[in-house]
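Working notes for the structure below.
The values are calculated or read from the model by the stated rules, or taken from the named source; none is laboratory data. Note that the structure is predicted; figures quoted are calculated from it, not measured. Counting neighbours? That spans all protein chains shown, and the Cβs are built from the backbone with ideal geometry, glycine included.
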Amino acid sequence: MLRFLTAGESHGRALVVTVEGLPAGLEITLDDIGRELARRRLGYGRGPRMRFERDELTLLGGVRHGRTLGSPVAITIANTEWPRWEQEMDPAPGRTDKPLTRPRPGHADLAGMQKYGFDDARDVLERASARETAARVAAGAVAKALLAQLDMAVVSHVVALGPVVSKLAERPAPGDLDTVDASEVRCFHADATDAMVAEIKAAARDGDSLGGVVEVLGYGVPVGLGSHVHWDRRLDGLLAQALLSIPAVKGVEIGDGFEVAGRRGSQAHDPIQWDAADGVYRRGSTLAGGIEGGMSTGGLVVARAAMKPLSTLNRPVLKTVDVETKEEVVSFKERTDVTAVPAMGVVAETEMALVLASEALRKFGGDSVAETVRNRDGYLRSL
């Protein structure tokens, strides 16, 4: 089973992630991780931070000569802007002369201040910031490397941004990932891409923000990941929790979950078929998203994550209360994006990859990659 833990604040010295449970012998390099982090910065509508942000990576442990050792893998992502923030974010005793007392509606600010007894929203927002997802993407790069050894791959693409919805029925395959990333909004549908960019430009002119929906696809997932025997072993539940943990994601569906809720049962399930040529069972559609009874069926795993519009606006208009004076005011502004939906898709890939890798290790075990692959092959032969 795979576990990971992140630490660090948005404007702190660095982010840190430790990944535990990886088998030995997995090939991984800083270039592999760096490529995934670069993808996280993609997308039209990102703010100026994407121009300043540079992901300076260090592998602190768990990897020798390009291969994992079976021990925890530790990675740091240095903050190149740290010199500008060193005084404000200094861990030594002291106090800021610029406390943030106007919490933003829709953000973690006020609830976090009340929960932890803070009088400065920065004590909350620095950790609640989506910058933390860079550490997750680093962990996900390692998980993706493991999935590749098990003939699995994860792809995401934007299917809705603001009011624009892609009508393209075709889904991107792993070989189409470069095409998706080449789109300004990571949309597989060229016509929808143009409309989405136009919406972003319009929102930017108004100083506003946009949300959207990303579809995440798991290819090559074998039957039997997850389990029906305990509530916390269900694969769809694990995916939903992982995707909902992404900042600003407020909705998740597996397959066509919300649409099939309005259908009759005769139209809501995937027919089971026998493929005599390959000697496997197949599903005739993806209504259930490749998961039944909390277990993968051997088909395409499909999940969608809905991201709300960001709560920090370039033209602050959201009303709030100054926690010091209790007066009605307008919320403060940090550097922000018009939309982060394309980048959220990369993070969503990370979350699915980490869940699938963890469940694959739970299912197949193995102290080395070679042993895990051998166990997987034996299981597939038994089917």
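When the residues of segment 104-118 are narrowed to those that are at pLDDT 95 or above and either among the aliphatic types (A, V, I, L, M) or surrounded by 22 or more Cβ atoms within 10 Å (Cβ to Cβ) (or both), which ends up nearest to the chain's Cα centre (by Cα)? Filtering segment 104-118 for residues that are at pLDDT 95 or above and either among the aliphatic types (A, V, I, L, M) or surrounded by 22 or more Cβ atoms within 10 Å (Cβ to Cβ) (or both), the one nearest to the chain's Cα centre (by Cα) comes out as Ala108. Against the criterion of being of a type in the set (D, E, K, R), at negative phi and crowded, with 21+ Cβ neighbours inside 10 Å, Arg67 does not qualify.
Conditions (1) of a type in the set (Val, Ile, Thr); (2) touching a strand residue (DSSP E or B) at 6+ places or on another chain (Cβ under 9 Å); (3) free of Cβ contacts under 8 Å to residues at least 24 places away in the same chain, marked per residue:
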{"site": "Glu88", "(1), (2), (3)": "no, no, no"}
{"site": "Gly117", "(1), (2), (3)": "no, no, yes"}
{"site": "Ala134", "(1), (2), (3)": "no, yes, no"}
{"site": "Ala148", "(1), (2), (3)": "no, no, yes"}
{"site": "Ala160", "(1), (2), (3)": "no, yes, no"}
{"site": "Val165", "(1), (2), (3)": "yes, yes, no"}
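When Thr350, Thr312 are screened for being modelled with pLDDT under 95 and polar (S, T, N, Q), only Thr312 passes. Among the criteria (1) in contact with a strand residue (DSSP E or B) (Cβ under 8 Å, 6 or more places away or on another chain); (2) at positive phi, the one Gly106 does not fulfil is (1). Answer with yes or no whether Arg35 is surrounded by fewer than 18 Cβ atoms within 10 Å (Cβ to Cβ), under 26 Å from Ala182 (Cβ atoms), touching a residue at least 12 places away in the same chain (Cβ under 8 Å) and among the basic types (Lys, Arg). For Arg35, the condition - surrounded by fewer than 18 Cβ atoms within 10 Å (Cβ to Cβ), under 26 Å from Ala182 (Cβ atoms), touching a residue at least 12 places away in the same chain (Cβ under 8 Å) and among the basic types (Lys, Arg) - is met.
State whether one or more residues within segment 85-107 are small (Gly, Ala, Ser) and within 21 Å of Thr6 (Cβ to Cβ). No, because not a single residue in segment 85-107 is small (Gly, Ala, Ser) and within 21 Å of Thr6 (Cβ to Cβ). Restricting segment 92-115 to residues that are in a loop (DSSP other than H, G, I, E, B) and without any contact (Cβ under 8 Å) to a residue 12 or more places away in the chain, the residue that is farthest from Glu328 (Cα to Cα) is Ala92.
Given the residues Glu359, Glu324, Glu334, which is the only one that is part of a helix (DSSP H, G or I) and either crowded, with 20+ Cβ neighbours inside 10 Å or of a type in the set (D, E, K, R) (or both)?
Values: Glu324 fails: part of a helix (DSSP H, G or I); Glu334 fails: part of a helix (DSSP H, G or I).
Testing whether each residue is part of a helix (DSSP H, G or I) and either crowded, with 20+ Cβ neighbours inside 10 Å or of a type in the set (D, E, K, R) (or both) leaves just Glu359.
One residue stands out in segment 362-383 among those that are over 22 Å from Thr297 (Cβ atoms) and surrounded by 16 or more Cβ atoms within 10 Å (Cβ to Cβ): the one that is nearest to the chain's Cα centre (by Cα), namely Val369. Restricting Gly226, Gly207, Gly237 to residues that are of a type in the set (Gly, Ala, Ser) and modelled with pLDDT under 95 narrows the list to Gly207.
Among the strands (runs of 3 or more DSSP E) contained in segment 227-320, which hold 1 or more residues that are surrounded by 18 or more Cβ atoms within 10 Å (Cβ to Cβ), under 23 Å from the mean Cα position of the chain (by Cα) and free of Cβ contacts under 8 Å to residues at least 60 places away in the same chain? In segment 227-320, the matching strands (runs of 3 or more DSSP E) lie at 249-254. Considering segment 199-219, and only residues there that are in a helix (DSSP H, G or I) and in contact (Cβ under 8 Å) with a residue 40 or more places away in the chain, the residue that is surrounded by the most Cβ atoms within 10 Å (Cβ to Cβ) turns out to be Ile200. Take Thr350 and tell me if it is surrounded by 15 or more Cβ atoms within 10 Å (Cβ to Cβ), in contact (Cβ under 8 Å) with a residue 40 or more places away in the chain and either more than 29 Å from Leu2 (Cα to Cα) or in contact with a Leu (Cβ under 9 Å, 6 or more places away or on another chain) (or both). In short, no. Here segment 6-58 is the region considered, the condition is being farther than 20 Å from Ala128 by Cβ, in a loop (DSSP other than H, G, I, E, B) and of a type in the set (Gly, Ala, Ser), and the residue that is modelled with the lowest pLDDT is Gly45. From the list Val73, Val19, Val63, the one residue that fits, being more than 30 Å from Lys333 (Cβ to Cβ) and without any contact (Cβ under 8 Å) to a residue 60 or more places away in the chain, is Val63. Residues in segment 130-165 that are in contact with a Pro (Cβ under 7 Å, 6 or more places away or on another chain) and over 23 Å from Ala248 (Cα atoms): Ala153 alone.
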